[in-house]
Amino acid sequence: MKTRLNTHIRLMAIAIFFVLLTGISALFSINSMRQELDLINQSHQKLLSGTLAIEEAHTQFKIQIQEWKNLLLRGNNPEDFQKFYASFNNQTDKVQLQLNSAKSALETNYPNDLEEVIKEHKALVETYLNILSTAKLDNLNGIETVDKSVRGMDRNLDNLFPQLTKETTHKLQLQTLVDNDSQAKSYSQNTLLISIFVTISIIFIIVSFWISHRKSS
């Protein structure tokens with residue numbers, strides 16, 4: 001009888017150990033999945049922020065081209081010229097700021113064309129300003145001459161922005177699929193581990209009560 005009692009106590013101790021182990025494993029799994037989810041959300045937020053920054057840069061670039069047109073068409077007196085000239089340069093800063101924000105947000109995951117867009121935008125602005133420095137905007141012929149000399153120069157850059165947005169959006173979609181798959185695997189593994197501990201605990205508890213029942217009968 002004493003042997004049965006000792007066995008019963010040992011089995012109950014083992015069962016309690018596995019119950020505690022199950023609880024610890026559950027807490028560890030929840031914490032691990034929460035940390036993984038935080039990292040995934042941060043990664044997705046960076047991709048989203050980078051994509052939005054590229055779209056905003058495109059918007060600001062379109063405004064800059066409009067300011068260039070305003071400069072040509074309405075900058076025939078010094079006051080208006082300075083106003084539109086300042087607006088054009090201000091848009092340069094806004095475009096570059098958004099492009100660099102996108103690069104910073106995307107970190108090493110940014111598209112290769114992003115560097116090209118940053119350099120091409122700077123080069124395009126420099127070309128515009130160089131042409132403007134020798135232009136005569138006080139007559140229609142001078143305006144037409146400048147307009148023809150830069151016509152279509154912005155087209156390639158204007159087309160690159162949607163490509164960048166499409167690429168970063170595609171990366172976000174792929175990353176979401178990979179992360180969802182990773183989370184599903186982690187959940188399955190953790191659930192399986194906890195299920196094993198729970199099953200072992202139940203077995204030991206049942207055996208312990210069975211031995212206890214036999215002892216009393």
(message) Go through the range 151-170 and report how many residues are under 21 Å from residue 44 (Cβ atoms) and surrounded by 17 or more Cβ atoms within 10 Å (Cβ to Cβ).
(response) 4
(request) Return the residue satisfying two criteria in turn: it lies in the range 67-112 and is under 23 Å from residue 49 (Cβ atoms) and of a type in the set (Lys, Arg), and of such residues it is surrounded by the most Cβ atoms within 10 Å (Cβ to Cβ). (result) 103
(request) May I ask you to say which residue of 48, 52, 71 is assigned to a helix (DSSP H, G or I) and at pLDDT 90 or above? (result) 52
(request) Examine the range 173-182 for a residue that is more than 19 Å from residue 53 (Cβ to Cβ) and assigned to a loop (DSSP other than H, G, I, E, B), and state whether such a residue exists. (result) no
(request) State which residue pairs qualify: first residue in contact (Cβ under 8 Å) with a residue 24 or more places away in the chain and surrounded by fewer than 22 Cβ atoms within 10 Å (Cβ to Cβ) and inside the range 51-63, second residue among the charged types (D, E, K, R) and assigned to a helix (DSSP H, G or I) in any location, beta carbons under 7 Å apart, and separation of 6 or more residues or different chains. (result) 60/94
(message) What pairs come out if I take residues in the range 90-112 that are part of a helix (DSSP H, G or I) and pair them with residues that are loosely packed, with under 14 Cβ neighbours inside 10 Å and of a type in the set (D, E, K, R) whose C-beta lies under 8 Å away, six or more apart or interchain?
(response) 103/115
(message) Looking at the range 138-172 only, could you name the residues that are at pLDDT 75 or above and outside any helix (DSSP H, G or I)?
(response) 151, 152, 153, 154
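The values are calculated or read from the model by the stated rules, or taken from the named source; none is laboratory data. Please read all numbers here as calculations on a predicted model, not as lab measurements. As a convention, Cβ positions derive from the backbone with ideal geometry for all residues, glycine included, and neighbour counts pool all protein chains shown.
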